[in-house]
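Okay, so here's the structure we're looking at.
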Amino acid sequence: MSSREDQLTANLAAVRERVAKACAAAGRSVDEVTVIAVTKTFPASDVRLLSGLGVTDVAENRDQEASAKAAECRDLPLRWHFVGQLQTNKVRSVASYSDVVHSVDRERLVTALSRAATQADRSLHCLVQVALDDAEGRGGVRPGGVPALADAIASTPGLTLGGVMAVAPLGGDPAAAFGRLAEVAAALRAAHPGATMISAGMSGDLEEAVACGATHVRVGTALLGGRRAIVR
């Protein structure tokens, strides 16, 4: 076993233990929470190692890096998640390899994703990205805009409404933020019972997210280590 595989094995065990403890504290089954490995800036060799360790879900936030990595790992049984802000000129590429797009925050993007998915004969799961604060540049729709955007996704060919996603506000209380997201998610499920995904929580706040009902946690640093500047 390589030293990198040793490191990833230990990190994955630690993350899974954190999730298990958070689930126990919340009275939830550990089977209700999926760990998504956020592999941005790390090489495809790490993705391959993680797959060998049982990781099934991988996320990227930049199309240029994601498309190359997905192509290199196409033989692996992975579910690819796109979690970054998405520009319409990247939609066709993202739709060619992504299974889940977490960052849908405007109707123009819904239209573009539908066109790309239909042309590629694929079905994309889409999450409504919810803005839990007023920070510029982070993407997301305010809670009041979620129902209309969710309806648009659900009624558009090639797309399936999966649920919601959010990032805790910088410097804020993640538990309060994820509590608000849980309320938005509950209202969404009342209208769309199949939209059960709640993508929330990262390396620093996954416990708070699990306590508030997250079904998917996006873990990068705790799993892979500090970010690299350049992918080789």
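Computed values, structure above
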| read-out | value |
| --- | --- |
| Euclidean distance between Cα centres, segment 173-232 to segment 57-73, Å | 20 Å |
| Cleavage-rule hits (GluC sites (Glu not before Pro)) in segment 136-232: DSSP loop, at most 12 neighbouring Cβ within 10 angstrom | 136 |
| Given charges at beta-carbon only (K, R positive; D, E negative), |dipole| of segment 120-164 in Debye | 100 debye |
| Value at 222 nm in deg cm²/dmol, rounded to 500, when DSSP H runs of n ≥ 4 in the chain each add -39,500 (n - 2.57) | -13000 deg cm²/dmol |
| Within segment 22-110, trypsin sites (Lys or Arg not before Pro) in DSSP loop having at most 10 other beta-carbon neighbours inside 10 Å | 74 |
| Radius of gyration and maximum dimension Dmax of segment 87-151, Cα, Å | 12.0, 37 |
| Portion, in percent, of the accessible area of segment 1-141 that falls on carbon or sulfur, probe 1.4 Å | 46 percent |
| Computed label-point distance, nm, for sites residue 151 and residue 20 using a 7 Å Cα→Cβ extension | 4.5 nm |
| P(r) tail fraction, segment 110-232 - alpha-carbon pairs more than 16 Å apart, % | 64 percent |
| Long-range HN-HN contacts of residue 101 with modeled amide H, under 5 Å | 82, 125, 126, 127 |
| Percent of alpha-carbon pairs separated by more than 28 Å within the chain | 27 percent |
| For q = 0.25, 0.30 Å⁻¹, Debye-computed log10 I/I(0) when each Cα of segment 173-225 counts as one equal scatterer | -0.89, -1.10 |
| Karplus-derived 3J(HN,Hα), 6.51/-1.76/1.60, for each residue of segment 210-225, Hz, glycine and proline x | 4, 4, 9, x, 4, 9, 9, 10, 9, 10, x, 4, 5, 9, 10, x |
| Restricting segment 68-127 to chymotrypsin sites (Phe, Trp or Tyr not before Pro) in coil, as DSSP defines it, with at most 14 other Cβ within 10 Å | none |
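The values are calculated or read from the model by the stated rules, or taken from the named source; none is laboratory data. Quick caveat: nothing in here was measured; it's all calculated off a predicted structure. For neighbour counting, all protein chains shown are included, and Cβ atoms are generated from backbone atoms with ideal geometry for every residue, glycine included. The accessibility values were calculated without ligands, DNA or RNA, using every heavy atom of the protein model including side chains. Shrake-Rupley method; radii C 1.70, N 1.55, O 1.52, S 1.80 Å.
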